Amino acid sequence: PAPRTVLLTGAAGGLGTLMRELLPGHGYELRLLDLLPVEGEPDAIVADLADRDALREAVRGVDAIIHLAGISLEASFDKILAANIEGTYNLYEAAREEGVGRIVFASSNHAVGYTPRPQGDDPLIPIDTPRRPDTFYGLSKCFGEDLAQLYWDKHGIETVSVRIGSCFPEPTSVRMLSVWMSPADGARLFHAALTAENVGHTVVHGSSANTRLWWDLTSARALGYEPQDDSEPYAGKLVAEQGELDPGNPAHARLGGHFVTDPPIWPY
Ligand code: NAI
Ligand code: 15L
């Protein structure tokens with residue numbers, strides 16, 4: 001049967017807030033978890049991904065998990081290690097112990113951020129492009145994807161790892177015109193990832209059907225995802241304000257954008 005009760009981790013965050021609004025429309029009952037209280041949701045579980053007992057209780061009885069919680073930008077290695085690496089491990093262990101069979105993992109374009117972005121007639125970036133994390137943050141998403149593969153191969157827990165581009169109400173940069181995932185398409189993709197059969201561990205790109213798309217959506221569409229949106233209506237205004245991307249600018253040359261060129265965050 002299709003999953004109905006879903007634990008949404010990271011429910012207080014930007015994407016979590018959008019998905020709290022949209023996923024019930026696809027028929028889900030959400031259980032919410034975050035390190036921070038979730039505004040207007042007194043029943044939300046307030047817990048750190050470091051708290052294994054709390055995670056075990058949180059996943060008990062749900063049909064599936066959408067795992068958004070964690071640090072969503074570059075940070076020191078220690079912080080990434082605790083929240084994204086150990087935290088994701090703790091969540092998968094809780095799922096294994098409680099018999100939850102399906103997880104949707106919020107991976108990121110930054111797992112492959114050093115990949116040159118297509119220019120001119122270049123082909124779209126394929127889903128099996130080699131890992132090229134652009135930050136410790138991106139590296140933690142590579143870990144999450146590999147953890148998902150391990151838990152499928154060893155324990156039979158299925159995951160769809162969604163390499164999300166940029167999921168915000170509107171694109172706010174010229175780069176985002178290429179990687180934008182509208183919130184409505186995000187909900188469609190998560191719904192497909194929760195309901196498609198026999199996914200094992202599947203990695204997909206997460207974006208709308210943008211005119212300026214940089215990557216291939218075939219594996220996402222194979223789950224039944226049919227994107228409805230395109231960032232192009234926002235292009236005129238953004239290009240007028242910011243200009244077209246400059247291939248000579250290193251922050252414009254690769255998928256990860258400024259994550260590639262931002263100074264590293266020290267100390268380790
Ligand atoms: P966000 O930073 O707004 O939300 C993350 C949430 O996780 C926050 O509410 C935070 O309190 C919670 N959190 C952080 N550490 C935690 C811990 N140790 N225990 C429990 N909760 C913790 O980020 P956003 O934009 O909502 O992203 C959600 C997920 O999607 C993240 O995993 C991010 O890496 C991923 N993602 C998001 C993209 C986007 O365009 N919004 C793009 C690519 C990936
Ligand atoms: C991400 O992984 C971040 O979580 C999000 O805040 C955006 O920066 C996004 O990537 C992006 O690349 O635009």
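The values are calculated or read from the model by the stated rules, or taken from the named source; none is laboratory data. In this text the structure is predicted, and so the values were computed from the model without any measurement. When we count neighbours, we look across all protein chains shown, and the Cβ atoms used for this are built from the backbone with ideal geometry, even at glycine.
Overview of values
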item: Selection status of Leu15, closer than 23 Å to Val162 by Cβ, more than 16 Å from ligand 2 (Cβ to nearest atom) and in contact with a strand residue (DSSP E or B) (Cβ under 8 Å, 6 or more places away or on another chain); result: no
item: When residues of segment 140-178 are limited to those that are within 16 Å of ligand 2 (Cβ to nearest atom) and among the β-branched types (Val, Ile, Thr), the one nearest to Asp128 (Cα to Cα); result: Val162
item: Some residue of segment 90-103 being within 21 Å of Val203 (Cβ to Cβ) and polar (S, T, N, Q); result: no
item: All positions within segment 242-257 that are surrounded by 15 or more Cβ atoms within 10 Å (Cβ to Cβ) and in contact (Cβ under 8 Å) with a residue 40 or more places away in the chain; result: Leu245, His252, Ala253, Arg254, Leu255, Gly256, Gly257
item: Search result, residues across segment 68-101 that are within 13 Å of ligand 1 (Cβ to nearest atom), part of a helix (DSSP H, G or I) and of a type in the set (Ser, Thr, Tyr); result: Thr88, Tyr89
item: Which numbered condition Ala47 fails, given (1) of a type outside the set (D, E, K, R); (2) over 19 Å from the mean Cα position of the chain (by Cα); (3) more than 22 Å from Gly144 (Cβ to Cβ); result: (3)
item: Restricting segment 60-114 to residues that are touching a Pro at 6+ places or on another chain (Cβ under 7 Å) and among the hydrophobic types (A, V, I, L, M, F, W, C), the residue that is surrounded by the most Cβ atoms within 10 Å (Cβ to Cβ); result: Ala111
item: Among residues of segment 238-254, those that are more than 23 Å from the chain's Cα centre (by Cα), of a type in the set (Gly, Ala, Ser) and part of a helix (DSSP H, G or I), counted; result: 1
item: Any chance Val104 is outside any helix (DSSP H, G or I), within 12 Å of the chain's Cα centre (by Cα) and away from ligand 2 (no atom under 15 Å from the Cβ); result: yes
item: Single match in Asp43, Asp34 (criterion: surrounded by 21 or more Cβ atoms within 10 Å (Cβ to Cβ), free of Cβ contacts under 8 Å to residues at least 40 places away in the same chain, in contact with a strand residue (DSSP E or B) (Cβ under 8 Å, 6 or more places away or on another chain) and more than 16 Å from Phe105 (Cβ to Cβ)); result: Asp34
item: Selection status of Ala50, part of a helix (DSSP H, G or I) and away from ligand 2 (no atom under 16 Å from the Cβ); result: no
item: Complete set of residues in segment 156-202 that are more than 9 Å from ligand 1 (Cβ to nearest atom), among the basic types (Lys, Arg) and not in a loop (DSSP other than H, G, I, E, B); result: Arg188
item: Cβ pairs under 8 Å, 6+ apart, first in segment 153-179 and over 16 Å from Arg212 (Cα atoms) and modelled with pLDDT of 95 or more, second among the basic types (Lys, Arg) and within 12 Å of ligand 1 (Cβ to nearest atom); result: Arg163/Lys141
item: Yes/no for Ala220 being surrounded by 17 or more Cβ atoms within 10 Å (Cβ to Cβ), among the aliphatic types (A, V, I, L, M), in a helix (DSSP H, G or I) and in contact with a His (Cβ under 9 Å, 6 or more places away or on another chain); result: yes
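Per-residue answers, yes or no, for (1) in a helix (DSSP H, G or I); (2) modelled with pLDDT of 95 or more; (3) within 15 Å of ligand 1 (Cβ to nearest atom):
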position: Asp229; (1), (2), (3): no, yes, yes
position: Gly236; (1), (2), (3): yes, yes, no
position: Gly256; (1), (2), (3): no, yes, yes
position: Ile265; (1), (2), (3): no, no, no
position: Tyr268; (1), (2), (3): no, no, no
